[in-house]
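**Student:** Once you've had a glance at the structure underneath, I'll fire off some questions.
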Amino acid sequence: MTQPTEHRRLLAWIEEVAALTTPDRIVWCDGSRQEWHDITDALVTSGALVRLDPEKKPNSFWARTDPGDVARVEERTFICSADESDAGPTNNWMDPAEMKATMTDLYRGCMRGRTMYVVPFCMGPLDAPQPMFGVELTDSPYVVASMRIMTRMGSAVLEAMGEDADFVPALHSVGAPLEPGQPDVAWPCNETKYISHFPETREIWSYGSGYGGNSLLGKKCYALRIASVAARDEGWLAEHMLIMKLTSPEGQVRYIAGAFPSACGKTNLAMLEPTLPGWKVETVGDDIAWMRFGPDGRLWATNPEYGLFGVAPGTDFRTNPNAMRTLAQGNSVFTNVALTDDGDIWWEGMGEPPSHLTSWRGEDWTPGSDAPSSHPNSRFCTPIEQCPILADEYHDPRGVPIDAILFGGRRKTTVPLVTEARDWVHGVYLGATLSSETTAAAVGQVGVVRRDPMAMLPFIGYHAGDYFQHWIDMAKGASGDAARLPKIFYVNWFRRDDEGGFLWPGFGENSRVLKWIAERLDGKGEAVETAIGHVPTVAAIDRTGLDLSDEALEAVLRVDRDEWLAEIPQVTEWFTKFGDKLPAVLWSELDALRARLSE
Ligand code: SAT
Ligand code: MN
């Protein structure tokens, strides 16, 4: 077979993997429309995908996973650093040689009866000063189709790689070889799963799962876990953040990055439609931000992704009209949502359910059914360029200069609607102690409070104590001028009253909080200095056109001393996990907080 590249390291690696995994054939992906049609046609023929009605969702497909392969598997995700202490207490670790031996046994012959696809991809624009290349070898055509949406991939990337560009080798197998004549299943996978990262050698080995976060290796594996290690070494940040452009009625532009755990509304916030007249939000990214210092000493952020892989349930014209408009253009893959009888998709939160659906499990579903029609972690995978409010700056390899960083989680109590950090280190403290109730984005119990530092708990590719120190050290990058650093805010849209109802309406109304943040950046915006930071006064939140009483707003802004004192032992326990690696200044922040609360 003729090879479309002369990249020696790439060719040698492909040969080595092919000899180990023994696929029936190797296909080099060119990223063309024709290739997309061939792959999706074949998946429709085999029954792995169902084509949606082109009148409703053109060029779009419905996929159902194996019921045991629906989310990221954090218990099976490993950071295989040479030294165990480099993985730290928040990651699973295995010795790299041992992991490679274990996985080599699993990979042996694992692509038998299947095709191995070579997927060259680039995270971020191809015309970046330093394009960030990767090559995924996978035996899953679903992964190929999804990678075409989520990354810049194909011939142009391979060409840009030339003969010797650096790239991250990312090996993926569903772990389901086929014997001659053995019929395939719609969603091949394996009960044994490993999502392994080798930070020193910048390699990714994934086995046994076809689910997005475990199999689209450019996303969490490369752009967060591996990139966070590169970022530590090179003085930048790879973060689990949305990026938005906010324009005031006067035309002043602010760029905001925001870290929220999976399934806490990052995509909704990134595409928010402000209810406050005259304000405008445009999207740069909804999940990942790479932030580097510019020559001006400011932090410039780019979105390395090319698509959106959003949580479907809860998304509708009321909560995220721009996502709905993005999806209406088609060219999308929907996984584990429900199928309507007329060939469209449906999920919980999309208004009145139709009288009959096919559920994500492939079963008949009616509004009387007990279980939801869609899995709570069901996803849409759609091209970001279809987003009607995509900012022009999305395409700029320099990115956008970040004015503010938001940290947020899901907390029923304690955490007010918005708090401004006192300074950078206090902001890092807020990020390092960020907490959230768990969601369905990862396998495990839903709704328990866990610390999720910078919303990066499952994605930090090294020791979290070193990661906190790296964040603190970023202050040195701002040309010695801390004023050039973004201001840090802590938000919580999810506070509840005693009856369990949300205290704040959220969604488009969050523009009122964004307005206060923009005012604070201008040195305006009224705040009270509380023990936990600067919290807006009731009068400082613009309630024009919003029916919310003073008492209700007070309740959502309240800083309750006892609730915060109750956090102190939890934070102490959390910080203790990191031993010597916890930056001393974070202990000082905790001490200072305790002192302020006790005043
Ligand atoms: O499931 S993914 O990891 O792709 C998305 C997420 O959990 O944020
Ligand atoms: Mn995410």
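**Student:** Rounded to whole Å, give me the distance from the Cα center of region 557-584 to that of region 434-468.
**Tutor:** If we compute the Cα centre of each part, the gap is 15 Å.
**Student:** Which of ALA312, TRP279, THR45 sits farthest toward the positive end of the charge dipole of the chain, with +1 on the Cβ of Lys and Arg and -1 on the Cβ of Asp and Glu?
**Tutor:** TRP279
**Student:** Where the eigenvalues come from the Cα gyration tensor of region 308-386, what are the semi-axes √(5λ) of the equivalent ellipsoid, largest first, in whole Å?
**Tutor:** 21, 12, 11
**Student:** Could you pull out every one of the lysines with an alpha carbon less than 27 Å from that of LYS56, ignoring same-chain neighbours closer than 8 positions?
**Tutor:** LYS266
**Student:** Further question: About the Cα centre, and with charges only on the beta carbon of Lys, Arg (+1) and Asp, Glu (-1), how big is the dipole of region 308-386? Nearest 20 debye, please.
**Tutor:** Dipole size: approximately 340 debye.
**Student:** Still on this model: Tell me the GluC sites (Glu not before Pro) within region 53-111 that lie in a loop according to DSSP and have at most 16 other beta-carbon atoms within 10 Å.
**Tutor:** Here the GluC sites (Glu not before Pro) that fit, given the DSSP loop and packing criteria, are GLU55.
**Student:** Then there's this: For region 141-210, just the Cα set please: Rg and Dmax, both in angstrom.
**Tutor:** In Å, with Rg to one decimal and Dmax whole: 15.0, 41.
**Student:** Here's a follow-up. Filter the GluC sites (Glu not before Pro) in region 260-366 to those in DSSP coil with at most 15 other Cβ atoms within 10 Å of their Cβ, and list the result.
**Tutor:** Listed in order of number, the matching sites are GLU363.
**Student:** Given the alpha-carbon gyration tensor of region 356-454, what are the semi-axes of its equivalent ellipsoid in whole angstrom, ordered largest first, with each equal to the square root of 5 times an eigenvalue?
**Tutor:** So the equivalent ellipsoid measures 34, 24, 11 Å along its semi-axes.
**Student:** For GLU159 and GLU16 in the same chain, what is the full-extension length gain: residue separation times 0.36 nm, less their Cα-Cα distance, in nm?
**Tutor:** In short, 49.3 nm is gained.
**Student:** Using r as the Cβ-Cβ distance of ASP547 and ALA82, and R0 as 60 Å, what FRET efficiency do you calculate, to the nearest 0.05?
**Tutor:** Plugging the Cβ-Cβ distance into 1/(1 + (r/R0)^6) gives 0.55.
**Student:** Please arrange GLU420, GLU599 by how many other C-beta atoms lie within 10 Å of their C-beta, fewest to most.
**Tutor:** Taking fewest neighbouring Cβ atoms as first place, the list is GLU599, GLU420.
**Student:** Only loop residues by DSSP count here, and only those with at most 12 other Cβ atoms within 10 Å; note down the chymotrypsin sites (Phe, Trp or Tyr not before Pro) in region 540-588 that meet that.
**Tutor:** Within region 540-588, no chymotrypsin sites (Phe, Trp or Tyr not before Pro) qualify (loop, at most 12 other Cβ atoms within 10 Å).
**Student:** Could you work out the Rg to Rh ratio of region 1-72, with Rh taken as the Kirkwood radius (inverse of the mean 1/r over all Cα pairs)?
**Tutor:** When Rh is taken as the Kirkwood radius, the ratio is 1.08.
**Student:** Now a separate question. Quote the charge dipole size of the chain about the Cα centre in Debye, to the nearest 20; the model charges only the Cβ of Lys and Arg (+1) and of Asp and Glu (-1).
**Tutor:** With Lys and Arg at +1 and Asp and Glu at -1, about 320 debye.
**Student:** If you don't mind, there's one more thing I want to ask. Within straight cross-link reach of LYS524, meaning Cα distance under 22 Å, which lysines are found once same-chain residues fewer than 8 apart are removed?
**Tutor:** Once the sequence-local lysines are set aside, what remains near LYS524 is LYS245, LYS280, LYS487, LYS515.
**Student:** In addition: Please report, in Å, the Rg and the Dmax of the chain, where both are computed over Cα atoms only.
**Tutor:** 23.7, 75
**Student:** Another one. Got the relative contact order for region 43-84 handy, in percent, Cα pairs under 8 Å and 6 or more residues apart?
**Tutor:** Reported relative contact order: 24 percent.
**Student:** Let me ask something else about it. With the crude spin-label approximation of a point 7 Å out along Cα→Cβ, what separation in nm comes out for ALA592 versus LYS412?
**Tutor:** It works out to 3.3 nm between the two label points.
**Student:** Taking the Cβ of SER155 as the center, what net charge do the other residues with Cβ under 10 Å away carry, scoring Lys and Arg +1 and Asp and Glu -1?
**Tutor:** Taking every Cβ under 10 Å from that of SER155, the sum is -3.
**Student:** With only Lys, Arg, Asp and Glu charged, each at its Cβ (+1 for the first two, -1 for the last two), find how big the charge dipole of region 79-135 is about the Cα centre; round to the nearest 20 debye.
**Tutor:** In debye, rounded to 20, region 79-135 gives about 500.
**Student:** State the Cα centre-to-centre distance between region 130-184 and region 245-289 in whole Å.
**Tutor:** 32 Å
**Student:** State, as an integer percentage, the relative contact order of the chain based on alpha-carbon contacts under 8 Å between residues 6 or more apart.
**Tutor:** Relative contact order for the chain comes out at 15 percent.
**Student:** Scattering from the C-alpha atoms of region 1-145 alone, worked out with Debye: what is log10 I(q)/I(0) at q = 0.10, 0.14, 0.20, 0.21 1/Å?
**Tutor:** For the requested q values the scattering log ratios are -0.50, -0.96, -1.39, -1.40.
**Student:** Any chance you could give the angle, 0 to 90 degrees and rounded to 10, that helix 464-477 forms with the longest Cα principal axis of the chain?
**Tutor:** Helix 464-477 sits at roughly 70 degrees to that axis.
**Student:** Relative to the first principal axis of the alpha-carbon coordinates of the chain, what is the inclination of helix 8-21, with its axis defined by its Cα atoms, in degrees from 0 to 90 and to the nearest 10?
**Tutor:** Between the helix axis and the principal axis of the chain, the angle is about 70 degrees.
Coordinate-derived values only; no laboratory data. This is a predicted model, so every value here is computed, not measured. A quick note on method: Cβ atoms are made from the backbone with ideal geometry, for glycine too, and the neighbour counts reach across all protein chains shown.
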